[in-house]
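The values are calculated or read from the model by the stated rules, or taken from the named source; none is laboratory data. Here the structure is a predicted model, which is why all the values come from computation and not from measurement. Counting neighbours? That spans all protein chains shown, and the Cβs are built from the backbone with ideal geometry, glycine included. These area figures cover heavy atoms from the full protein model, side chains too; ligands, DNA and RNA do not enter into them. Shrake-Rupley method; radii C 1.70, N 1.55, O 1.52, S 1.80 Å.
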Amino acid sequence: MAENDLGYFHKFIPSSGASGLTLLLLHGTGGDEDDLIPIGRDIAPKAAILSPRGKVLENGMPRFFRRLEEGVFDLEDLKFRTNELADFVNAASAKYRFDLKRLVAVGYSNGANIAASMLLLRPESLAGAILFRAMLPLVPERLPDLSSKPVFLSSGQYDQIIPKESTEKLLQLLKRAGAKVEMKWNPANHGLTEREVKLAGTWLQESRAGEL
Ligand code: MLT
């Protein structure tokens, strides 16, 4: 059962290991808190999981922020929702006793976009991020220092929803902010493939040997 507490319907699953790692799972448009749990398990089997449901409804479909049309975001709402989600994550870390310095976002599509926005506007709330099918959500007024925030970007060469140029702009912005970014272009469309989930798991293990 999802809990409706701290402002979000969400699930928290405690870690079954001693790694101290927690994954923040952020689903795509029309998804919910259950969607990415199997993917989180594949990426880091023993990590704790925090999985909120987006609060914005678009024709009944949950999302993490409002858009005016496909690919055109309501920037005021995006900023507001980014702060709201970062505050939720902070409150959840106190309630469930996990370390924000070991919290890695795993976002898909709309979830990847709000995770990227969190990195840009509230970088203290994440240790790193795995972003599947992300685009540039916004350009911050001040560039954050992301030198300690490794990012894995995984995109589809044939994706008809996420414009390639926008993903490339996000990649360049993250790099300019000092993030160590690994970018993978997959022979795939908008749907996630098993192979890239596996690659994300390997990347996370390797990053954990270093920064995370
Ligand atoms: C978004 O709105 O965040 C992107 O267009 C991806 C999507 O959710 O379709």
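Please specify each residue of segment 43-57 satisfying the condition of being open to solvent by 40 Å² or more (accessible area, probe 1.4 Å) and in contact with a strand residue (DSSP E or B) (Cβ under 8 Å, 6 or more places away or on another chain). Outline the logic, then answer.
Keep residues of segment 43-57 that are open to solvent by 40 Å² or more (accessible area, probe 1.4 Å), which gives 45-46, 53, 55, 57.
If the condition is that a residue be open to solvent by 40 Å² or more (accessible area, probe 1.4 Å) and in contact with a strand residue (DSSP E or B) (Cβ under 8 Å, 6 or more places away or on another chain), then Arg53, Lys55, Leu57 are the ones that fit.
Could you list, in sequence order, the residues of segment 16-32 that are touching a residue at least 60 places away in the same chain (Cβ under 8 Å), over 17 Å from Met118 (Cβ atoms) and away from the ligand (no atom under 13 Å from the Cβ)? Give the derivation first.
Here is the first cut: in segment 16-32, the residues touching a residue at least 60 places away in the same chain (Cβ under 8 Å) are 19-29, 31.
Right, trim to over 17 Å from Met118 (Cβ atoms) and you get 19-21, 29, 31.
Ser19, Gly20, Leu21 - these are the residues of segment 16-32 that are touching a residue at least 60 places away in the same chain (Cβ under 8 Å), over 17 Å from Met118 (Cβ atoms) and away from the ligand (no atom under 13 Å from the Cβ).
Residue under question is Leu50, and the condition is that it be in a strand (DSSP E or B) and either over 21 Å from Arg176 (Cα atoms) or basic (Lys, Arg) (or both); does it hold? Lay out the reasoning, then the answer.
Working: in a strand (DSSP E or B): yes; either over 21 Å from Arg176 (Cα atoms) or basic (Lys, Arg) (or both): yes.
Yes; evaluated as a whole, the condition is true for this residue.
Identify, from the list Gly20, Gly28, the residue that is crowded, with 24+ Cβ neighbours inside 10 Å and not in a strand (DSSP E or B). Talk me through it step by step, then tell me what you get.
Values: Gly20 fails: crowded, with 24+ Cβ neighbours inside 10 Å.
One residue alone meets the criteria, Gly28.
Of the residues in segment 58-75, how many are in contact (Cβ under 8 Å) with a residue 40 or more places away in the chain, of a type in the set (A, V, I, L, M, F, W, C) and either open to solvent by less than 70 Å² (accessible area, probe 1.4 Å) or within 8 Å of the ligand (Cβ to nearest atom) (or both)?
Of the residues in that region, 3 qualify.
Do any residues in segment 125-138 that are charged (D, E, K, R) have Cβ atoms under 8 Å from those of residues that are within 11 Å of the ligand (Cβ to nearest atom) and open to solvent by less than 10 Å² (accessible area, probe 1.4 Å), where the two are at least six apart or on different chains, and which pairs are they?
Matching pairs, first to second residue: Arg133/Gly28; Arg133/Ala112.
If a residue must be within 15 Å of the ligand (Cβ to nearest atom) and assigned to a strand (DSSP E or B), how many such residues does segment 88-128 contain?
Selection size over segment 88-128: 3.
What number of residues within segment 147-192 are under 22 Å from Glu124 (Cα atoms), surrounded by 15 or more Cβ atoms within 10 Å (Cβ to Cβ) and out of contact with any Leu (no Cβ under 8 Å at 6 or more places or on another chain)?
Adding up the residues that qualify gives 1.
Going by the structure shown, is Gly54 closer than 19 Å to Ile13 by Cα and within 14 Å of the ligand (Cβ to nearest atom)? It would help to see each step written out before you state the result.
Values: closer than 19 Å to Ile13 by Cα: yes; within 14 Å of the ligand (Cβ to nearest atom): yes.
Yes; evaluated as a whole, the condition is true for this residue.
Cβ-Cβ under 9 Å, sequence separation 6+ or interchain: first residue in segment 161-172 and free of Cβ contacts under 8 Å to residues at least 60 places away in the same chain and in a helix (DSSP H, G or I), partner of a type outside the set (A, V, I, L, M) and open to solvent by 70 Å² or more (accessible area, probe 1.4 Å). Which pairs?
Lys164/Gln157; Lys164/Trp185; Thr167/Trp185
Can you find even one residue in segment 194-207 that is surrounded by 18 or more Cβ atoms within 10 Å (Cβ to Cβ) and at pLDDT below 95?
Scanning segment 194-207, I find at least one residue that is surrounded by 18 or more Cβ atoms within 10 Å (Cβ to Cβ) and at pLDDT below 95, so the answer is yes.
Does Phe80 qualify as being open to solvent by 30 Å² or more (accessible area, probe 1.4 Å), within 16 Å of the ligand (Cβ to nearest atom) and modelled with pLDDT of 95 or more?
Details: open to solvent by 30 Å² or more (accessible area, probe 1.4 Å): yes; within 16 Å of the ligand (Cβ to nearest atom): yes; modelled with pLDDT of 95 or more: yes.
Taking the combined requirement at face value, the residue satisfies it.
Would you pick out the residues in segment 129-164 that are more than 14 Å from the ligand (Cβ to nearest atom) and either aromatic (Phe, Trp, Tyr) or under 24 Å from Trp185 (Cβ atoms) (or both)?
Residues of segment 129-164 that are more than 14 Å from the ligand (Cβ to nearest atom), as a first pass: 129-130, 139-154, 157-158.
Matches in segment 129-164: Ala129, Ile130, Val139, Leu146, Lys149, Pro150, Val151, Phe152, Leu153, Ser154, Gln157, Tyr158.
Output yes when any residue across segment 33-42 is modelled with pLDDT of 95 or more, within 14 Å of the ligand (Cβ to nearest atom) and buried (at least 21 other Cβ atoms within 10 Å of the Cβ), and no when none is. Before the answer, list the steps.
The initial filter retains those residues of segment 33-42 that are modelled with pLDDT of 95 or more, namely 33-42.
Remaining after also requiring within 14 Å of the ligand (Cβ to nearest atom): 35-36.
Retained after the next criterion (residues that are buried (at least 21 other Cβ atoms within 10 Å of the Cβ)): 36.
Among the residues of segment 33-42, at least one is modelled with pLDDT of 95 or more, within 14 Å of the ligand (Cβ to nearest atom) and buried (at least 21 other Cβ atoms within 10 Å of the Cβ), which makes the answer yes.
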